1. Checking SER51 against (1) loosely packed, with under 14 Cβ neighbours inside 10 Å; (2) under 16 Å from the mean Cα position of the chain (by Cα); (3) within 14 Å of GLY30 (Cβ to Cβ), which test does it fail?
Amino acid sequence: MPDNVEMAKQEHVMRNVRVGDLAIIVDDGGEKENLGLIVKVLKFEGLISWSECGIRPTWQVKVTGARLIWYERCNGELYQVSRGMWPDCCLRRIAPDQKKNNLLKHEQKIKDIVCEQPTVCPRTPDLAPAV
(Lines give C-alpha, C1' and ligand atoms only; values in the text may rest on other atoms or scores of the structure.)
Protein backbone atom coordinates (compact mmCIF):
# COMPACT_ATOMS: atom_id res chain seq x y z
CA MET A 1 0.00 0.00 0.00
CA PRO A 2 1.49 3.38 -0.97
CA ASP A 3 2.24 5.96 1.72
CA ASN A 4 0.47 9.35 1.88
CA VAL A 5 3.08 11.14 -0.23
CA GLU A 6 2.88 8.49 -2.94
CA MET A 7 -0.95 8.59 -2.88
CA ALA A 8 -0.85 12.38 -3.27
CA LYS A 9 1.44 12.05 -6.30
CA GLN A 10 -0.87 9.44 -7.85
CA GLU A 11 -4.00 11.52 -7.18
CA HIS A 12 -2.34 14.48 -8.91
CA VAL A 13 -2.02 12.36 -12.06
CA MET A 14 -5.66 11.22 -11.84
CA ARG A 15 -7.79 13.95 -13.31
CA ASN A 16 -10.86 12.24 -14.64
CA VAL A 17 -12.76 10.87 -11.62
CA ARG A 18 -12.84 10.70 -7.83
CA VAL A 19 -14.39 8.37 -5.29
CA GLY A 20 -18.19 8.69 -5.34
CA ASP A 21 -18.40 10.04 -8.91
CA LEU A 22 -20.61 8.59 -11.58
CA ALA A 23 -18.54 8.04 -14.70
CA ILE A 24 -18.87 6.77 -18.23
CA ILE A 25 -16.42 4.33 -19.80
CA VAL A 26 -15.00 6.09 -22.87
CA ASP A 27 -12.33 3.55 -23.83
CA ASP A 28 -12.11 -0.17 -23.19
CA GLY A 29 -9.15 -1.19 -25.31
CA GLY A 30 -11.05 -4.14 -26.69
CA GLU A 31 -14.06 -4.86 -28.81
CA LYS A 32 -15.92 -1.80 -27.46
CA GLU A 33 -18.43 -3.88 -25.48
CA ASN A 34 -17.98 -1.62 -22.43
CA LEU A 35 -18.17 1.77 -24.17
CA GLY A 36 -20.86 3.99 -22.69
CA LEU A 37 -21.27 1.90 -19.56
CA ILE A 38 -22.19 4.03 -16.52
CA VAL A 39 -20.27 3.15 -13.35
CA LYS A 40 -19.91 4.46 -9.82
CA VAL A 41 -16.33 5.03 -8.64
CA LEU A 42 -15.86 3.13 -5.36
CA LYS A 43 -12.17 3.40 -4.44
CA PHE A 44 -8.66 3.92 -5.73
CA GLU A 45 -6.87 0.62 -6.39
CA GLY A 46 -3.40 2.01 -7.14
CA LEU A 47 -1.12 1.82 -10.16
CA ILE A 48 -2.01 -1.28 -12.17
CA SER A 49 -0.48 -2.65 -15.37
CA TRP A 50 -2.95 -2.88 -18.26
CA SER A 51 -2.01 -4.79 -21.41
CA GLU A 52 -3.64 -2.13 -23.60
CA CYS A 53 -2.21 1.04 -22.01
CA GLY A 54 0.61 0.19 -19.58
CA ILE A 55 0.75 1.12 -15.90
CA ARG A 56 -2.13 3.45 -15.03
CA PRO A 57 -3.90 4.81 -11.95
CA THR A 58 -6.87 2.47 -11.54
CA TRP A 59 -10.22 2.66 -9.78
CA GLN A 60 -12.61 0.05 -8.46
CA VAL A 61 -15.97 0.69 -10.11
CA LYS A 62 -19.47 -0.76 -9.92
CA VAL A 63 -22.07 -0.72 -12.68
CA THR A 64 -25.19 1.33 -12.01
CA GLY A 65 -27.58 -0.47 -14.35
CA ALA A 66 -28.35 -3.90 -15.71
CA ARG A 67 -25.44 -3.96 -18.18
CA LEU A 68 -22.33 -5.63 -16.77
CA ILE A 69 -18.61 -5.05 -17.37
CA TRP A 70 -17.03 -7.44 -19.87
CA TYR A 71 -13.51 -8.73 -19.22
CA GLU A 72 -11.36 -11.17 -21.19
CA ARG A 73 -9.32 -13.92 -19.55
CA CYS A 74 -5.80 -14.77 -20.80
CA ASN A 75 -7.26 -17.71 -22.75
CA GLY A 76 -9.64 -15.37 -24.62
CA GLU A 77 -12.75 -16.40 -22.68
CA LEU A 78 -15.13 -13.52 -21.95
CA TYR A 79 -16.90 -13.07 -18.62
CA GLN A 80 -19.05 -10.40 -16.96
CA VAL A 81 -18.98 -8.76 -13.53
CA SER A 82 -20.93 -6.00 -11.80
CA ARG A 83 -17.81 -4.69 -10.03
CA GLY A 84 -14.28 -4.43 -11.35
CA MET A 85 -11.26 -2.22 -11.97
CA TRP A 86 -10.90 0.42 -14.66
CA PRO A 87 -8.04 2.80 -15.54
CA ASP A 88 -8.58 6.49 -14.85
CA CYS A 89 -7.61 7.43 -18.42
CA CYS A 90 -10.61 5.48 -19.76
CA LEU A 91 -13.24 7.10 -17.50
CA ARG A 92 -14.98 10.48 -17.72
CA ARG A 93 -16.90 11.98 -14.84
CA ILE A 94 -20.59 12.62 -15.34
CA ALA A 95 -21.15 16.06 -13.89
CA PRO A 96 -24.21 16.48 -11.70
CA ASP A 97 -26.96 18.75 -12.99
CA GLN A 98 -25.88 22.05 -11.42
CA LYS A 99 -29.22 23.81 -12.05
CA LYS A 100 -31.09 20.99 -10.31
CA ASN A 101 -28.64 21.05 -7.38
CA ASN A 102 -29.03 24.82 -7.03
CA LEU A 103 -32.83 24.48 -7.07
CA LEU A 104 -32.73 21.78 -4.40
CA LYS A 105 -30.48 23.94 -2.20
CA HIS A 106 -32.84 26.91 -2.67
CA GLU A 107 -35.87 24.77 -1.77
CA GLN A 108 -34.08 23.52 1.36
CA LYS A 109 -33.35 27.11 2.45
CA ILE A 110 -37.04 27.96 2.08
CA LYS A 111 -38.04 24.87 4.09
CA ASP A 112 -35.54 25.83 6.80
CA ILE A 113 -37.00 29.34 7.04
CA VAL A 114 -40.61 28.12 7.06
CA CYS A 115 -39.93 25.39 9.60
CA GLU A 116 -38.28 27.83 11.99
CA GLN A 117 -41.59 29.69 12.38
CA PRO A 118 -43.74 28.52 15.32
CA THR A 119 -46.81 26.69 14.13
CA VAL A 120 -50.15 26.26 15.80
CA CYS A 121 -52.36 23.36 14.93
CA PRO A 122 -55.96 24.69 14.74
CA ARG A 123 -57.46 21.50 16.19
CA THR A 124 -55.03 20.92 19.03
CA PRO A 125 -53.48 24.22 20.17
CA ASP A 126 -52.14 22.59 23.34
CA LEU A 127 -49.68 20.56 21.19
CA ALA A 128 -48.21 23.66 19.50
CA PRO A 129 -44.59 24.55 20.32
CA ALA A 130 -44.10 27.11 23.05
CA VAL A 131 -43.23 30.60 21.81
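1. (2)
The rows are residues; the columns are (1) outside any strand (DSSP E or B); (2) among the basic types (Lys, Arg); (3) in contact with a Leu (Cβ under 7 Å, 6 or more places away or on another chain); (4) at pLDDT below 90.
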position	(1), (2), (3), (4)
MET1	yes, no, no, yes
GLY29	yes, no, no, yes
GLU45	no, no, no, no
LYS62	no, yes, yes, no
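The values are calculated or read from the model by the stated rules, or taken from the named source; none is laboratory data. Bear in mind that the values here come from a model prediction, so they are computed numbers and not experimental data. Cβ atoms come from the backbone with ideal geometry, glycine included; neighbour counts cover every protein chain shown.
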